[in-house]
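Below you'll find the structure, written out as structure tokens, and then a few comments.
The values are calculated or read from the model by the stated rules, or taken from the named source; none is laboratory data. Small disclaimer: the values here were computed from a predicted structure and weren't measured. Cβ placement follows ideal geometry from the backbone for every residue including glycine, while neighbour counts extend to all protein chains displayed. Side chains included, ligands, DNA and RNA excluded: accessible areas come from the protein's heavy atoms. Shrake-Rupley method; radii C 1.70, N 1.55, O 1.52, S 1.80 Å.
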Amino acid sequence: MPELPEVEALAGYLRQRAVGRRVDRLEIAAISALKTYEPAPTAVAGRAVVDASRHGKFLDVLFEGDLHLVVHLARAGWLHYREAFPSVTPLRPGKGPIAVRVRLDDGSGFDLTEAGTQKKLAAYLVTDLAAVPGVAKLGPDALAADLPTFAERLRSRRGQVKGVLTDQSVLSGVGNAYSDEILHAAKLSPFAITDRLTDDQLATLHAATRQVLGDAVERSLEKRAAELKGEKRSGLKVHARTGLPCPVCGDTVREVSFADSSLQYCATCQTGGKPLADRRLSRLVR
């Protein structure tokens, strides 16, 4: 799933390439992806792209007249910028992975695509960001939050730190991959309970969050949109590296699986050498 660094980089790429261009037309190929009905997609035609930004993991493309195309890429969504489209023929709904296409006046534009069969990419065309439910509920940005805010937000929700860190209403922008990386950098078990964390542990976790996300943003901004997925994978130390050596201590990276996701961690770095048991089979090691 694209998280804060990738979405920030996509917004940056659109700022460089699309801002100032006028929209030829906006096409909706996946009817289920568009979650709003007013304004209509035709309202975008002729408007200039004014800005592109990020709210948590939401991408926000702003058109003149304060009209926003807000997109959540979900687990398998992505943005592909096209210098030219192969055809001027409008997209046919229900054909292929393209959910939304934005054609610009110079012949370029971008596609919002979603792979797989679970279609969860969501696009909203709004004049008020508060009309996007996910944006309205976002907590402070994980990269921008200062230590007092970060600590207050983490302690406001009692639970395992992995789950709380990825709760977008607590702090926005962090998902499954970067939470694994942040907790590894902070040397914290993913199952540590938030209201038991000491002030020192919270300070370390805050510093790790800023470092991991900041480094990932810096690396991502240097890449083109098509290169971002590879850049994300190459920068990970524990996430999606089950069975490989931890680059910090050399221990084997381990995994805990859930119904529809998994987490990766290093026992030596994070849990005092104690493996975490699969929660479906036995008690968790904290």
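So the values come out like this:
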{"quantity": "The lone exception for L91 - which of (1) among the aliphatic types (A, V, I, L, M); (2) in contact (Cβ under 8 Å) with a residue 24 or more places away in the chain; (3) part of a strand (DSSP E or B) it fails", "calculated": "(3)"}
{"quantity": "Filter result for K187 (on the phi > 0 side of the Ramachandran plot and either hydrophobic (A, V, I, L, M, F, W, C) or in contact with a helix residue (DSSP H, G or I) (Cβ under 7 Å, 6 or more places away or on another chain) (or both))", "calculated": "yes"}
{"quantity": "Verdict on L26 being within 21 Å of G175 (Cα to Cα) and surrounded by 21 or more Cβ atoms within 10 Å (Cβ to Cβ)", "calculated": "no"}
{"quantity": "Single residue of G250, G272 found to be in a loop (DSSP other than H, G, I, E, B), open to solvent by 70 Å² or more (accessible area, probe 1.4 Å) and out of contact with any strand residue (DSSP E or B) (no Cβ under 6 Å at 6 or more places or on another chain)", "calculated": "G272"}
{"quantity": "Whichever residue in region 200-224 is in a helix (DSSP H, G or I) and open to solvent by 80 Å² or more (accessible area, probe 1.4 Å) and, among such residues, is nearest to H80 (Cα to Cα)", "calculated": "L221"}
{"quantity": "Candidate set from region 85-111 (those that are open to solvent by 40 Å² or more (accessible area, probe 1.4 Å) and at pLDDT 95 or above); member that is farthest from P39 (Cα to Cα)", "calculated": "D106"}
{"quantity": "Counted residues, region 186-199 - those being part of a helix (DSSP H, G or I) and either buried (at least 24 other Cβ atoms within 10 Å of the Cβ) or without any contact (Cβ under 8 Å) to a residue 40 or more places away in the chain (or both)", "calculated": "2"}
